[in-house]
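Presented below is the structure to which this report refers.
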Amino acid sequence: MTAKLENACTLIVMAKPPRPHRTKTRLIPALGAWGAAALSRAMLLDVLDQMARAPVTTRLIAWAAEESPQDIPLPEVFRPVLQASGDLGRRMQALYDSVGPPVVFVGSDAPTLTAEHVRTALDLLEEDVDAVFQPAEDGGYTLAAFRTNPQPLLEGIPWGESDVLAATLRAARDASRRVRLMESGRDLDRPEDIAPLRRHIDLMPPNRFPSRTARQLTRIARRNHAMSIDPGSARSLEEAFERLDPDRIRQLNALADALPRFLEKEDQEQQRYGAAATTVVDELCCAVSYDGKAMDHIPQRILDIDYGCGDPTVYAEEGMTVLDLGSGSGKHAFMIARKVGPEGKVIGIDKTAQMLELSRGAVSEVTAALGYDKPNVVFHRGHIEDLRVDLDHLEDYLAQHPVSSYDELDALDRHIDERPMVRDESVDLVVSNCVLNLVRDDAKNQLIREIFRVLKRHGSVAISDIVSDREVPEALKKDLDLWTGCLSGAWRRDRFLDAFAEAGFYGIREESSRLWKTVEGINFFSVTIRAWKGKQGPCYETGRAAMYRGPFSQITDDDGHVYVRGRFHPVCEKTAELLTRPPYAGHFVVTEAQGSPDDKIPFDCSGGQTVAGEDRLHYGETECTPGSCC
Ligand SMILES: C[S@@+](CC[C@H](N)C(=O)[O-])C[C@H]1O[C@@H](n2cnc3c(N)ncnc32)[C@H](O)[C@@H]1O
């Protein structure tokens, strides 16, 4: 019977105001800061709903904040108070001291908690025990009820670690306190908690159902379901959850992260590059010598901002559309503006406002110096890991359509999809100098997929960057000076190249490499790599064959096809086409087509053809077009 305790009990919900970047930060990699805050808010409101029905006399919501937030619709039965300072134990102790026993504490991130659980905890307390806990799956607890001063159970506990409850139980034993445990509950701290929580919620009875949390979880599932899971193949929402694609969630939520402008805090990296935009920098990465004539149309203030590293501009050709990732002062973009000519186009992307001010400020001078009628270069503010989102455009949109709900976020997603900063398959060449290493490790693969998305078929990349011969240890990665100095974010050389292969590129090669620095035994190199897009698509038989010229006795391509020097191998039309283009051109003799791919005769490219196509030897070679050889 709980009558006695119910009549005197205070229930305290421990809560943080749900704010992007402040709450549920461990969920940010999966949900984005805004998504994590939205889920946090939903869980809090569900907990408050349930706790409003709990059998207690007083209900407090204790905010871990300097003042109570005004935008949370509190049920009337809750009185807001502020938590004291110190670790969680001290804060709970101070609250206990202010209200006296018995007290039930609940967390705001356990939406499976119900009024029934509070009743059970009070029933157990009645059995003359000192404390009752509801264990959480992560080793902590979601509810704690105290009938005597909890001080020994709250001191010296490793809060935030996985043995909070174990340490509490040891402390209880040492202090001779009697403790009872309830059936486990679920809270939500890490991305991997999402699917089990959803399963748990689905089994809850309607009157205890945390509907707001469920709605948020359904939205997350729906988005991912729609974006990355074949709708026909997932039998249930639950199954969709099992298959959440974290990269896709990250990509979606990069949008959400960009939303609240007030959160835009210049980090150390931006400050450094912001400062570099207005000063001449002595040394950032290793020196490059340029052809002065290729640069005499560029104002000196732009040339003064020099990062060294490499010169990927040499791969630009007349008429191309070229994308420069992390365009900085615009020097490379302006060099390319000359190479592609008035019919070509250059798009520079950078996230640092001062850099953009500098580069945009020089466009008309460069256009005049080149004698073009109109500018062929444009600079956008954006994150290179999400080339769909133009941040200036996003801000304009948000000024008119503030986003405060997931439906509005969906509308924003649609708007951006309709008007991406860089369209799918619109670019011939992607260049970048000394920037990819600056992208967060967890966004690097997404960045390469974005590059792949925007490239046209047969488009290519020319990227100069810093790579290391060994993995950069975590301690070095955390050194912000090394990070902004292009060292600690460096890719391991083989991983850099592999990442392009994994994204679907072919012909990946290191064009040049120079040792730049050795730090703590790790060698850092400045390299320029090239890679091409275009091996995707169906394989059709058109009667073509390819012969490898050497110098190796045989080679194996990325897809396992073996070419023996001096022997013809049957190849599909698509492969034949690739072998006659850079970077393979010149290494193979390729016979001409005898049929048309329009006939759509399937060619089996899967088996790694090793048999010489003797019967194809008499076909002409594509190298020798009429009048071009012998
Ligand atoms: C070392 S500077 C190189 C600038 C230019 N590529 C050059 O060679 O002169 C790095 C530039 O990348 C930009 N940057 C770094 N990370 C970025 C990101 N994730 N998205 C967009 N720009 C980024 C910085 O603002 C800075 O302008």
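Mind ordering 84-93, 141-150 by average Cβ neighbours within 10 Å, highest first?
141-150, 84-93
What list do you get for Ile336, Ile347, Ile601 if you sort them by fewest beta carbons within 10 Å?
The fewest-first ordering by Cβ neighbours comes to Ile601, Ile347, Ile336.
Would you mind ranking Ser526, Ser327 so that the residue whose beta carbon has the fewest other beta carbons within 10 Å leads the list?
Fewest to most other Cβ atoms nearby, the residues stand as Ser526, Ser327.
For the ranges 99-107, 387-395, 557-565, what's the packing order if you count other beta-carbon atoms within 10 Å of each residue, average per peptide, and put the highest first?
99-107, 387-395, 557-565
Can you check what the Kirkwood hydrodynamic radius comes to for region 1-160, Cα pairs only, in Å to one decimal?
After inverting the mean inverse Cα-Cα distance, the result is 16.0 Å.
Can you compute log10 of I(q)/I(0) for region 126-221 with the Debye formula, treating each Cα as one identical point scatterer, at q = 0.17 Å⁻¹?
-0.81
May I ask which of Lys374/Lys456; Lys331/Lys477; Lys345/Lys535; Lys351/Lys477; Lys24/Lys517; Lys293/Lys351 have a Cα-Cα span longer than 32 Å here?
Over 32 Å Cα-Cα: Lys24/Lys517.
Quick one, can you get me the convex hull of the C-alpha atoms of region 505-557 expressed as volume per residue in Å³?
Dividing the Cα hull volume of region 505-557 by its residue count gives 147 Å³.
Among Arg59, Arg215, Arg549, what is the fewest-to-most ranking by other Cβ atoms within 10 Å?
Arg549, Arg215, Arg59
Mind ranking 498-505, 42-49 by how tightly packed they are, going by the mean number of other C-beta atoms within 10 angstrom, highest first?
42-49, 498-505
In region 3-189, what % of DSSP beta bridges are antiparallel (nearest 5)?
30
For region 500-589, what ratio Rg/Rh do Cα atoms give with a Kirkwood hydrodynamic radius?
Rg/Rh for region 500-589 comes to 1.09.
Throughout, read-outs are computed from the coordinates displayed, never taken from laboratory work. It should be emphasised that the depicted structure is a prediction, and the values quoted were computed from it without experimental measurement. Here the Cβ is made from the backbone with ideal geometry for all residues, glycine too, and neighbour counts use every protein chain on show.
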